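Each remark here refers to the structure printed beneath this line.
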Amino acid sequence: MMRTRSRIRWPVILASILLVATAASAQYNVAQDRPFGCTGDVMDGWTGLVDGVTDSDSAPGCFATGNSNEFPKSVTIDLQRPCNINRVTVHNSANGNTRAIMIYCSSDGVQYEKLREFIFPHGEALALNHRFGDRPVQFVRVEFTNTWGGGLGGDNTIFCREVEVFGSPTGGAPVIEPMSQPTGDPLVATRDLKLFRRWALAADRPLKIAVLGDSLASCGEERWPQSVAEKLALVRPDEAQVSLTAMTEADLQPGAHSGYVGLTAEAEPDVVLVTFGTDMREWDGERFRVGLTGLVRRLLDETDALVVLVGPAVKDASRLDIGRRALREMEKLADVLSLPLVRTEAALLRDGLTADDIAGEDGSLSEEARRVVATAVLELLLQPQI
C-alpha cells in the first residue's frame, strides 16, 4: 500500500503570515503630534502630551496643567481623521499629584463613551495600558478628576508624560469638532492697557477711536461703538474730546480690503477696535487666520494705536459654531501678540443672554446685546477705574 504525502501549500501559508504581519504593523500611535485642547490653563512650556516622549518629567517632554483648583480637568485629543482604535496608554509622571483619571472616546466630538477609570499611585511613573475591542473614533479624552496634592507646581498641578492611542485610520472623512461655549473671564487684559490708560485716558488731549470689522462693528446712534466713545468722554478730563472713525462693512473678512489699514493709519487713532466673524456663513480657518494675523500686524506696524480684538456676536444659532471658531483664532492671536481681547459670547452669557436674545426684531443686534458689548469693552479699557 502506497502512502501519499500531502503537499504543503507554502505560498498560501506565507501569504497568510504576511497578511497577519501587515495588519499588526498597521497599528500605531495615531495620537502622536495631533492637536489637543485643555479645559484649563497649561503650564508654560509643558505641552508634551502627544509628542512621542514617554519618559520625561520636565518640559517640554511632559505635560502639565496650571495650579487651578477647579476639577475635573480634561484634555481632548483630535486624531483629525476617523480611526479604529483598540488601546489607550496613559503615562503618569513621577512629579506627583495626578490621581484618578477617566478615559473617553467619541466619533463626533459630542457624545463620549467612557472606556476606563483608574487611580494612579502617588508620585509613581506608571503606564496604564487599557485594551478594548475596536472602536471607530476621532476624539479621545482623558479627564483628571482629582489630585494627591503635595507634588511639584502646587497641589492642583496635573502632570502626564504622554497619552498614546493605538489603531489605524479608517479612511473615512474627518469630523470637525464642535466648539463648546466659552467659559471663564470675558476680558483678556494686557500690560499695554495700563500704558493706554496713562497716556490716552488721563491726558488732556483728544482721544481717537477707530473701529474696523464686519456688521458687529457698525456705528451710528445707539450702536455700541458710539456708546463706548460717549462713556469714555465722561471719565476723561473736561473738554478732552473723543472722536470715532468707523471702517466697517457687513460680511467683511479680515483679509479683504487691506486699504482700510491705510485709512486707519491716516486717522492716527489711539485705539483700534477690531472685530470679525459675526457674519461668516462658512468656516475657512486658514483664510480667517492668515487674514486676521496680517491685518493686525499691519495695524501694529503702521499705527501707534492700542489694538483691541472684540469677539463675534452671532445672531443665528445655526452659525454659532463658526463664531466660536473665529473667537478661538482671536484668542490664539491675542496670546501670541499680547493683545487685549473681549470674549463677546462669554460676556453675553455672563449677563444671561443666549443666541436667541442677541438679535432684535429686524435681525440686527438687540439693544440688550449692544449694551453688553459696550459695557465689556469699557470694562476692559477702564479697569480698575470703572
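The values are calculated or read from the model by the stated rules, or taken from the named source; none is laboratory data. For clarity, every value in this text was computed on a predicted model and none was experimentally measured. In this analysis, Cβ positions are derived from the backbone assuming ideal geometry, glycine residues included, and neighbour counts consider all displayed protein chains.
On the stretch given as region 33-78, residues that are touching a residue at least 60 places away in the same chain (Cβ under 8 Å) and basic (Lys, Arg) total 1. Gly109: modelled with pLDDT of 95 or more and either in a loop (DSSP other than H, G, I, E, B) or not assigned by TED's automatic domain parsing to the domain that holds Asn129 (or both), yes or no? Here the answer is no, as Gly109 does not meet what is asked.
The residues in region 145-197 that are in a helix (DSSP H, G or I) and in contact with a helix residue (DSSP H, G or I) (Cβ under 8 Å, 6 or more places away or on another chain) can be counted, and the count is 3.
Only one entry of Thr344, Thr354 meets the criterion of being closer than 25 Å to Gly285 by Cα, touching a Gly at 6+ places or on another chain (Cβ under 8 Å) and of a type in the set (Val, Ile, Thr), and that entry is Thr344. Does Ser215 count as crowded, with 18+ Cβ neighbours inside 10 Å and not hydrophobic (A, V, I, L, M, F, W, C)? Against the criterion (crowded, with 18+ Cβ neighbours inside 10 Å and not hydrophobic (A, V, I, L, M, F, W, C)), Ser215 qualifies. Listed by position, the helices (runs of 4 or more DSSP H) inside region 258-374 whose residues that are over 19 Å from the mean Cα position of the chain (by Cα) number at least 2 are 259-267, 285-302, 355-358. Applying the condition of being part of a loop (DSSP other than H, G, I, E, B) and of a type in the set (A, V, I, L, M, F, W, C) to region 69-104 and asking which residue is surrounded by the most Cβ atoms within 10 Å (Cβ to Cβ) yields Phe71. Checked against (1) in a helix (DSSP H, G or I); (2) surrounded by fewer than 18 Cβ atoms within 10 Å (Cβ to Cβ), Glu222 meets all criteria but (1). How many residues does region 230-270 hold that are in contact (Cβ under 8 Å) with a residue 60 or more places away in the chain and either closer than 21 Å to Ala313 by Cα or among the aromatic types (Phe, Trp, Tyr) (or both)? Of the residues in that region, 0 qualify. Within region 329-386, being of a type outside the set (S, T, N, Q), modelled with pLDDT under 90 and buried (at least 18 other Cβ atoms within 10 Å of the Cβ) holds for Leu353, Ala355, Ile358, Leu365.
Within region 39-68, if we keep just the residues that are among the hydroxyl-bearing types (Ser, Thr, Tyr) and in contact with a Gly (Cβ under 6 Å, 6 or more places away or on another chain), the residue that is surrounded by the fewest Cβ atoms within 10 Å (Cβ to Cβ) turns out to be Ser68.
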